[in-house]
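**Q** Supplied in structure tokens, the structure appears directly below.
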Amino acid sequence: MKIELLMNVKERMEWLRKELHRHNHNYYILNSPEISDQEFDYMMRELQDLEQAHPEYYDPNSPTMRVGSDLNKEFKQVAHKYPMLSLANTYSESEVADFYDRVKKGLEGEDFEICCEMKYDGTSISLIYEDGRLVQAVTRGDGVHGDDVTANVKTIHSIPLQLAPGDYPHNFEIRGEILMPWKVFEELNLERELNEEPLFANPRNAASGTLKLQNPKEVARRKLDSYLYYLLGENLPADGHYENLEKARSWGFKISEGMKKCKTLQEILDFINYWDVERKNLPVATDGIVLKVNSLVQQRHLGYTAKSPRWAIAYKFQAERALTKLEKITYQVGRTGVITPVANLTPVQLAGTVVKRASIHNADVIEGLDLHIGDMVYVEKGGEIIPKITGVDKSYRNSLTGEKVRFITVCPECGTPLVRFEGEAAHYCPNDVGCPPQIKGKIEHFISRRAMNIDGLGPETVALFFNAGYVHDVAGLYDIFYRKGEIQTLDEFYDKNPWHFMSIPGFKSKSVLKIMKSIKDSLQVPYPRVLFALGIRFVGEATAKLLAKSFPTIESLASAKLQELLEVEGVGEVIAESIIKYFADERNIHLISELKANGLQFALSEEILSERTDKLAGKSIVISGVFTKHSRDEYKTMIERHGGKNVGSISVKTSFILAGENMGPAKLEKAQKLGISIVNEDDFLSMIE
Ligand code: IVH
């Protein structure tokens, strides 16, 4: 009876895995889901639960792997079976014609076809499959060895973990590109800007940076995508590269829709010209076209040079660029004091828009380009969002050309001498509490949706208040609209603020009431978000949450020592030092006390705190089986609330197992072997009572 039951569980798990693989393919490759997201999640949840309860049926390629785990391990270096070569680049039609002629000559008059395909601009990956299962994913590395990033790659939905039965070889390798779609890239940068993290310059950097993260869970969140473009192995289905990729598509891989076999040079050039325009409508970045001799026999015949195949070449699209005059350089001061030089240009048409400004990043770039005011400069829109200056045409220089550009030494907004930290390219204005754009930026951050979510106030109103001298920090907002509870009605507002807002255009009673309400609502914003809202440099949303957990009051955080801060997950030297510096500044302490006097939350709420104990402090607890009184998640929360740690698998370090019904036999055996006690639901509940 028992055996039959277990077989059912196993079968159910296998069925769920197979179905989830299939639905994943329908959704991510074919774009035609058969079931709703909710149904998908439901099945995934069931499988996750069964896997937790039955570790004996572990499958490293289970669809649950897509969610990623928090495991943090260094990458293993792996040797590539076939070296990962790069392609020779060409930039003009005549170079493409040269390639075509070389191939023709090399094949001594034989007929040949060239497979033309997109050159995806991401980071390359080699995937190894054995009997239809993804067993390893390795980065290009130095071409001979790469990093084993299998756990991260498993989170990418368009990469099949388990192929449906098909005519694929037992062992094969497939290579391709990991990409971050434009949309995901833009969202990620927006979020990073909000959290004061450095932005990614383009989707390529974002994709490769993400793939190298040590936290697959974060990788999963970043929604990478893939295109595969090269099948390798001993028993490939066809002699044609194109045909092999079509096969790979039928096995479940994501293959470009835009591949084409061409016979003549003209067909190749037409393909290039078509995609040079059409690629702008693709959801991912491309930077050229790859041309490959289609027949594998002919590829072998042509062979390789030391660096690249003779049977393939990359044609790189011209980055769109324009020549225009550099009129002047202005300097912007960001919320954190970073100084960004901006090139002001004579307006010029580029890739469908008029460009008036371009970024030049930092002082080193200015120096490297040897920029002079009045220079004729090249502006390019590559994969980057903001156009940049890539060169100077010095032949235009004459006696009217202006001076060499020298980076400013004092802040253009407040006159404070700039600083440059060791190892950093950027200049900073250190006057973080007195420099206008830094103050305005801090207020904007404070009121933003993910921080205090104060409706009715936007950057324009903040600027108006600040410029009129009504507000010089975030406490000023509370003073005007709440004043420690003294202002509750519109009359009280006008009474306490006799200088009147009526002088501010468009600022009517309705707007005042709206701000008053959202300021009052903000008193309920929980401590972790208030901490984030303060805008301590490098303390983003996630870090603020973790800090609040370890330091449940602002006082405990303010007095924390460097070493204590470093013990918080995700806090390194840079963040820890920034926190110490923030609380060492009297002005910040004063600001916090003003906000506190207005009633903002500077401690974890009583609710959370009062339920906290250290009854399970230092205990590692495994949860297994099916429960009747509370859900598995609830037990997990209880363990954490009482100071314990919920761990996934049994080891010598496990303190006890919280076991429900149907605990897996393998777990039971392991527990008995290690002499680990098993605690049932009721006993556990009385333990923490
Ligand atoms: S084939 C031996 N096809 O471009 C041929 N590469 O410098 C191996 N790439 O490292 C490459 N799209 O990361 C090939 N359709 C495509 C490609 C492609 C992008 C990348 C790849 C490679 C680099 C070549």
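**Q** Among the residues that make up region 116-130, is at least one of them of a type in the set (Asp, Glu) and within 30 Å of residue 281 (Cβ to Cβ)? First the steps, then the outcome.
**A** Residues of region 116-130 of a type in the set (Asp, Glu): 117, 121, 130.
From the residues that got through so far, the ones that are within 30 Å of residue 281 (Cβ to Cβ) too are 117, 121.
For region 116-130, residues of a type in the set (Asp, Glu) and within 30 Å of residue 281 (Cβ to Cβ): present.
**Q** Only one of (1) within 28 Å of residue 190 (Cα to Cα); (2) touching a residue at least 12 places away in the same chain (Cβ under 8 Å); (3) not basic (Lys, Arg) is not met by residue 424, so which one is it?
**A** (2)
**Q** Residue check: is residue 631 under 16 Å from residue 656 (Cα atoms) and either in contact with a Pro (Cβ under 9 Å, 6 or more places away or on another chain) or of a type in the set (Ser, Thr, Tyr) (or both)?
**A** Working: under 16 Å from residue 656 (Cα atoms): no; either in contact with a Pro (Cβ under 9 Å, 6 or more places away or on another chain) or of a type in the set (Ser, Thr, Tyr) (or both): yes.
So residue 631 does not fit the description; no.
**Q** Another one. Collect the residues in region 273-295 that are surrounded by 18 or more Cβ atoms within 10 Å (Cβ to Cβ), out of contact with any Phe, Trp or Tyr (no Cβ under 6 Å at 6 or more places or on another chain) and among the aliphatic types (A, V, I, L, M), keeping them in residue-number order.
**A** The answer is 284, 285, 290, 291.
**Q** Look through region 84-131, keep the residues that are free of Cβ contacts under 8 Å to residues at least 60 places away in the same chain and surrounded by 16 or more Cβ atoms within 10 Å (Cβ to Cβ), and return whichever of them is farthest from residue 234 (Cα to Cα).
**A** Looking at the filtered set, the residue picked out is 124.
**Q** Do we find a residue being more than 15 Å from residue 331 (Cβ to Cβ) and either in contact with a helix residue (DSSP H, G or I) (Cβ under 6 Å, 6 or more places away or on another chain) or not in a loop (DSSP other than H, G, I, E, B) (or both) anywhere in region 426-433?
**A** Yes.
**Q** Okay, next question. Take region 279-289 and flag every residue that is away from the ligand (no atom under 11 Å from the Cβ) and in contact with a strand residue (DSSP E or B) (Cβ under 9 Å, 6 or more places away or on another chain).
**A** Filtering region 279-289 down to residues away from the ligand (no atom under 11 Å from the Cβ) leaves 279-283.
Result: 279, 282, 283.
Per-residue answers, yes or no, for (1) in a helix (DSSP H, G or I); (2) surrounded by fewer than 17 Cβ atoms within 10 Å (Cβ to Cβ); (3) among the hydrophobic types (A, V, I, L, M, F, W, C); (4) touching a strand residue (DSSP E or B) at 6+ places or on another chain (Cβ under 8 Å):
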| position | (1), (2), (3), (4) |
| --- | --- |
| 469 | no, yes, no, no |
| 491 | yes, yes, no, no |
| 495 | yes, yes, no, no |
| 517 | yes, yes, no, no |
| 522 | yes, no, no, no |
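**Q** Next up: Here is a list: 538, 583. Which entry is more than 23 Å from residue 688 (Cβ to Cβ), of a type outside the set (S, T, N, Q) and assigned to a loop (DSSP other than H, G, I, E, B)?
**A** Values: 583 fails: assigned to a loop (DSSP other than H, G, I, E, B).
Result of the check over 538, 583: 538.
**Q** Out of region 353-377, which residues are more than 16 Å from residue 324 (Cβ to Cβ) and among the small types (Gly, Ala, Ser)?
**A** Just the residues of region 353-377 that are more than 16 Å from residue 324 (Cβ to Cβ), to begin with: 361-368, 370.
Of everything in region 353-377, those that are more than 16 Å from residue 324 (Cβ to Cβ) and among the small types (Gly, Ala, Ser) turn out to be 363, 368.
**Q** With the requirement that a residue be part of a loop (DSSP other than H, G, I, E, B) and within 29 Å of the chain's Cα centre (by Cα), what does region 434-456 give you?
**A** Residues of region 434-456 that are part of a loop (DSSP other than H, G, I, E, B), as a first pass: 434-435, 448-456.
The answer is 448, 449, 450, 451, 452, 453, 454, 455.
**Q** Has region 262-273 got any residue that is within 12 Å of the ligand (Cβ to nearest atom), at pLDDT 95 or above and hydrophobic (A, V, I, L, M, F, W, C)? It would help to see each step written out before you state the result.
**A** We begin by selecting, within region 262-273, every residue within 12 Å of the ligand (Cβ to nearest atom); these are none.
Looking through region 262-273, none of the residues is within 12 Å of the ligand (Cβ to nearest atom), at pLDDT 95 or above and hydrophobic (A, V, I, L, M, F, W, C).
**Q** I've got another one for you. Can you pull out the residues in region 312-354 that are within 16 Å of the ligand (Cβ to nearest atom) and touching a helix residue (DSSP H, G or I) at 6+ places or on another chain (Cβ under 9 Å)?
**A** If the condition is that a residue be within 16 Å of the ligand (Cβ to nearest atom) and touching a helix residue (DSSP H, G or I) at 6+ places or on another chain (Cβ under 9 Å), then 312, 313, 315, 317 are the ones that fit.
**Q** Here's something else I'd like to know. Take region 100-127 and flag every residue that is in a strand (DSSP E or B) and in contact with a helix residue (DSSP H, G or I) (Cβ under 9 Å, 6 or more places away or on another chain).
**A** Step one: filter region 100-127 for residues in a strand (DSSP E or B), giving 114-120, 123-127.
Result: 114, 115, 116, 117, 118, 123, 125, 127.
**Q** Can you report the number of residues in region 290-310 which are among the aliphatic types (A, V, I, L, M) and in contact with a Lys or Arg (Cβ under 6 Å, 6 or more places away or on another chain)?
**A** Initial filter on region 290-310 (among the aliphatic types (A, V, I, L, M)): 290-291, 293, 296-297, 302, 306.
Among the residues that remain, those that are also in contact with a Lys or Arg (Cβ under 6 Å, 6 or more places away or on another chain) are: 290, 302.
Total meeting the criteria: 2.
**Q** Tell me the residue from 648, 675, 644 that is over 25 Å from residue 10 (Cα atoms) and surrounded by fewer than 18 Cβ atoms within 10 Å (Cβ to Cβ), please. Steps first, please.
**A** Details: 648 fails: over 25 Å from residue 10 (Cα atoms); 644 fails: surrounded by fewer than 18 Cβ atoms within 10 Å (Cβ to Cβ).
The match here is 675.
**Q** Give me a count of the residues in region 148-163 that are within 15 Å of the ligand (Cβ to nearest atom) and surrounded by fewer than 20 Cβ atoms within 10 Å (Cβ to Cβ).
**A** Matching residues across region 148-163 total 0.
**Q** Being surrounded by fewer than 16 Cβ atoms within 10 Å (Cβ to Cβ), in contact with a Gly (Cβ under 6 Å, 6 or more places away or on another chain) and assigned to a loop (DSSP other than H, G, I, E, B) is the filter here; which residues of region 586-638 pass it?
**A** Selection gives 614, 617.
**Q** Another question about this same structure. Hey, which of the strands (runs of 3 or more DSSP E) in region 136-235, taking only ones fully inside, have at least 3 residues that are under 19 Å from residue 283 (Cβ atoms) and either among the basic types (Lys, Arg) or touching a residue at least 60 places away in the same chain (Cβ under 8 Å) (or both)? Talk me through it step by step, then tell me what you get.
**A** Values: elements: 145-148, 171-179, 225-232.
Per the criteria, 225-232.
**Q** Just one of (1) under 25 Å from residue 214 (Cα atoms); (2) part of a helix (DSSP H, G or I) trips up residue 531, so point out which.
**A** Evaluating residue 531 over (1) under 25 Å from residue 214 (Cα atoms); (2) part of a helix (DSSP H, G or I) leaves (1) as the failure.
**Q** I would also like to ask the following. Residues to consider are 233, 258; find the one that is modelled with pLDDT under 95, farther than 30 Å from residue 541 by Cβ and crowded, with 18+ Cβ neighbours inside 10 Å.
**A** None of the others qualify; the one that does is 233.
**Q** Still on this structure, please answer the following. I'm told residue 166 meets every condition in (1) small (Gly, Ala, Ser); (2) in contact with a Lys or Arg (Cβ under 9 Å, 6 or more places away or on another chain); (3) within 16 Å of the ligand (Cβ to nearest atom) except one. Can you identify the failing condition by its number?
**A** Of (1) small (Gly, Ala, Ser); (2) in contact with a Lys or Arg (Cβ under 9 Å, 6 or more places away or on another chain); (3) within 16 Å of the ligand (Cβ to nearest atom), only one is false for residue 166: (3).
**Q** Checking the condition farther than 24 Å from residue 64 by Cα and either away from the ligand (no atom under 16 Å from the Cβ) or touching a Ser or Thr at 6+ places or on another chain (Cβ under 7 Å) (or both), which residue from 117, 130, 95 passes?
**A** Details: 130 fails: farther than 24 Å from residue 64 by Cα; 95 fails: either away from the ligand (no atom under 16 Å from the Cβ) or touching a Ser or Thr at 6+ places or on another chain (Cβ under 7 Å) (or both).
Among 117, 130, 95, only 117 is farther than 24 Å from residue 64 by Cα and either away from the ligand (no atom under 16 Å from the Cβ) or touching a Ser or Thr at 6+ places or on another chain (Cβ under 7 Å) (or both).
**Q** Can you name the number of the only condition in (1) of a type in the set (A, V, I, L, M, F, W, C); (2) crowded, with 20+ Cβ neighbours inside 10 Å; (3) within 26 Å of the chain's Cα centre (by Cα) that residue 538 fails?
**A** All conditions are met except number (2).
**Q** Within region 290-311, does at least one residue satisfy the condition of being within 16 Å of the ligand (Cβ to nearest atom), in a loop (DSSP other than H, G, I, E, B) and of a type in the set (Lys, Arg)?
**A** Scanning region 290-311, I find at least one residue that is within 16 Å of the ligand (Cβ to nearest atom), in a loop (DSSP other than H, G, I, E, B) and of a type in the set (Lys, Arg), so the answer is yes.
**Q** Taking only region 406-425 into account, find how many residues are of a type in the set (Asp, Glu) and outside any loop (DSSP other than H, G, I, E, B).
**A** Of region 406-425, the ones of a type in the set (Asp, Glu) are 413, 422, 424.
Filter again for outside any loop (DSSP other than H, G, I, E, B), leaving none.
So the answer is 0.
**Q** While we're on this one: With the requirement that a residue be more than 31 Å from the chain's Cα centre (by Cα) and crowded, with 21+ Cβ neighbours inside 10 Å, what does region 311-323 give you? Don't jump to the end; show me each part of the working.
**A** Just the residues of region 311-323 that are more than 31 Å from the chain's Cα centre (by Cα), to begin with: 311-313, 322-323.
Once the filter is applied, which keeps residues that are more than 31 Å from the chain's Cα centre (by Cα) and crowded, with 21+ Cβ neighbours inside 10 Å, region 311-323 yields 311, 312, 313.
The values are calculated or read from the model by the stated rules, or taken from the named source; none is laboratory data. Computed from a predicted model, the values in this text were never measured in an experiment. All Cβ positions, even for glycine, are placed from backbone atoms using ideal geometry, and neighbour counts span all protein chains on display.
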